[in-house]
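Chemist: What follows is a single structure, and I will ask about it in a moment.
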Amino acid sequence: MIIITSVKQQKSKKEWVNVYLDESGINRKSGASVYCLTIIDSKISQELNEQILQIEKNLKIKPFHWREQDWKIKSKFLKKIIKIDGWNCIIIVINNKNFSQVLLTDFMAKALQGFEIRCFYFDGKKSKAYRNSVKRSFKNLGIKISSLKFVGNKSHAGIRLADAVAGLSRLHYDAKSKMEADSFFKLFLRNKISAQILNGYRLVILPTTRAIGSTKC
């Protein structure tokens, strides 16, 4: 497992935050499963939601979903959201050959350790076993979560941010990024992706990132 933090640090962990989770590339036998945890100060979550709605309105699209858009819309959406203040994210990348639910939930708990989480929003319907696994992992690490909610991507802009970053990151780790997509990934790595947890992949180190911990996994 490798954890990287960018020079642009995460928000103070003493503040209450909302966390939004979405994923890309899951349930496959090969390639990368990418999970994006979008972290937003709970005090500005509604304001940020309105900004995303305005971006979608200007682009004349329904609530953004990575799989449903062509690259032209994806690139325009990425250019807009990276300029919005008040959010960053942590990505978890697991090689599908090594994937296990226990591994994922443990990684999520480690990524969020120390945060005061007011609400944790998951994209889509998840099984009772999945929910219990998440709760157990977080409880074991002493993470306080006032509310766990399972919602659709249309309900919260934070989910749509996570969807966009997860989709972009999967292109990179599946080695399918063309030049513009790879440039976007590096841009997000410098400005929005505050940490990466990687399993089965080599670390991407940019001049603006530094390692805070590294173990082989």
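The values are calculated or read from the model by the stated rules, or taken from the named source; none is laboratory data. Predicted model, so just to flag it, every value in this text is computed and none were measured. Reconstructed Cβ throughout: ideal geometry from the backbone, glycine too, with neighbour counts over all protein chains shown.
Chemist: For N96, only one of the following conditions fails: (1) under 20 Å from N49 (Cβ atoms); (2) at pLDDT 80 or above. What is its number?
Modeler: (1)
Chemist: Right, here's the next one. If you scan the range 45-70, which residues turn out to be part of a helix (DSSP H, G or I), within 18 Å of the chain's Cα centre (by Cα) and surrounded by 15 or more Cβ atoms within 10 Å (Cβ to Cβ)? So that I can check it myself, show each step before the final result.
Modeler: Step one: of the range 45-70, the residues part of a helix (DSSP H, G or I) are 45-59, 66-68.
Then drop every residue that is not within 18 Å of the chain's Cα centre (by Cα), which leaves 45, 48-49, 52, 66-67.
S45, L48, N49, I52, W66, listed by residue number.
Chemist: For the range 99-135: of the residues being more than 23 Å from D174 (Cβ to Cβ), surrounded by fewer than 17 Cβ atoms within 10 Å (Cβ to Cβ) and polar (S, T, N, Q), which is modelled with the lowest pLDDT?
Modeler: Only one residue tops the list, namely S127.
Chemist: Shifting gears a bit: When you look at L112, is it of a type outside the set (V, I, T), farther than 21 Å from K186 by Cβ and touching a Pro at 6+ places or on another chain (Cβ under 9 Å), yes or no? Talk me through it step by step, then tell me what you get.
Modeler: Numbers: of a type outside the set (V, I, T): yes; farther than 21 Å from K186 by Cβ: yes; touching a Pro at 6+ places or on another chain (Cβ under 9 Å): no.
No, not satisfied.
Chemist: When you go through (1) touching a residue at least 12 places away in the same chain (Cβ under 8 Å); (2) within 25 Å of R28 (Cα to Cα); (3) charged (D, E, K, R) one by one for D182, which number turns out not to apply?
Modeler: (1)
Chemist: Applying the selection to the range 77-100, what residues are over 14 Å from Q196 (Cβ atoms) and aliphatic (A, V, I, L, M)?
Modeler: L78, I81, I82, I84
Chemist: Going through the range 16-40 one residue at a time, which ones are surrounded by 18 or more Cβ atoms within 10 Å (Cβ to Cβ) and either among the charged types (D, E, K, R) or over 17 Å from Q196 (Cβ atoms) (or both)? Don't jump to the end; show me each part of the working.
Modeler: Of the residues in the range 16-40, the ones surrounded by 18 or more Cβ atoms within 10 Å (Cβ to Cβ) are 17-25, 32-40.
Within the range 16-40, V17, N18, Y20, D22, E23, I40 qualify.
Chemist: Among the residues of the range 150-161 satisfying the criterion of being within 16 Å of the chain's Cα centre (by Cα) and without any contact (Cβ under 8 Å) to a residue 40 or more places away in the chain, which is farthest from L48 (Cα to Cα)?
Modeler: F150
Chemist: Report the residue count in the range 162-190 for those that are touching a Lys or Arg at 6+ places or on another chain (Cβ under 9 Å) and either within 19 Å of N95 (Cα to Cα) or among the aliphatic types (A, V, I, L, M) (or both). Outline the logic, then answer.
Modeler: Going through the range 162-190, the residues touching a Lys or Arg at 6+ places or on another chain (Cβ under 9 Å) turn out to be 163-165, 167-168, 170-172, 176, 181, 184, 190.
Of the ones still in play, those that are also either within 19 Å of N95 (Cα to Cα) or among the aliphatic types (A, V, I, L, M) (or both) are 163-165, 167-168, 170-172, 176, 181.
Residues meeting the conditions: 10.
Chemist: Being farther than 20 Å from L171 by Cβ and in contact with a Pro (Cβ under 9 Å, 6 or more places away or on another chain), is that true of even one residue in the range 59-75?
Modeler: No; the residues of the range 59-75 include none that is farther than 20 Å from L171 by Cβ and in contact with a Pro (Cβ under 9 Å, 6 or more places away or on another chain).
Chemist: If only one of S147, S169 is among the hydroxyl-bearing types (S, T, Y), in contact with a strand residue (DSSP E or B) (Cβ under 8 Å, 6 or more places away or on another chain), touching a residue at least 12 places away in the same chain (Cβ under 8 Å) and loosely packed, with under 13 Cβ neighbours inside 10 Å, which one is it? Working first, answer last.
Modeler: Numbers: S169 fails: loosely packed, with under 13 Cβ neighbours inside 10 Å.
That would be S147, the only listed residue that is among the hydroxyl-bearing types (S, T, Y), in contact with a strand residue (DSSP E or B) (Cβ under 8 Å, 6 or more places away or on another chain), touching a residue at least 12 places away in the same chain (Cβ under 8 Å) and loosely packed, with under 13 Cβ neighbours inside 10 Å.
Chemist: Tell me, yes or no, whether the range 157-175 has at least one residue that is out of contact with any Cys (no Cβ under 8 Å at 6 or more places or on another chain), assigned to a loop (DSSP other than H, G, I, E, B) and modelled with pLDDT under 85.
Modeler: Taking the range 157-175 first, the residues out of contact with any Cys (no Cβ under 8 Å at 6 or more places or on another chain) are 157-160, 164, 167-168, 170-175.
Add one more test, that the residue is assigned to a loop (DSSP other than H, G, I, E, B), and what stays is 174-175.
Within this subset, residues satisfying the condition of being modelled with pLDDT under 85 are none.
Within the range 157-175, none of the residues are out of contact with any Cys (no Cβ under 8 Å at 6 or more places or on another chain), assigned to a loop (DSSP other than H, G, I, E, B) and modelled with pLDDT under 85.
Chemist: Failed condition for K80, given (1) more than 26 Å from K149 (Cα to Cα); (2) exposed (fewer than 11 other Cβ atoms within 10 Å of the Cβ), with all others met?
Modeler: Here K80 meets the rest and fails (2).
Chemist: I would also like to ask the following. Could you run through the range 71-85 and say how many residues are assigned to a loop (DSSP other than H, G, I, E, B) and touching a residue at least 12 places away in the same chain (Cβ under 8 Å)? Talk me through it step by step, then tell me what you get.
Modeler: Going through the range 71-85, the residues assigned to a loop (DSSP other than H, G, I, E, B) turn out to be 82-85.
Pick out the ones that are also touching a residue at least 12 places away in the same chain (Cβ under 8 Å) and you get 82, 84.
So the count comes out to 2.
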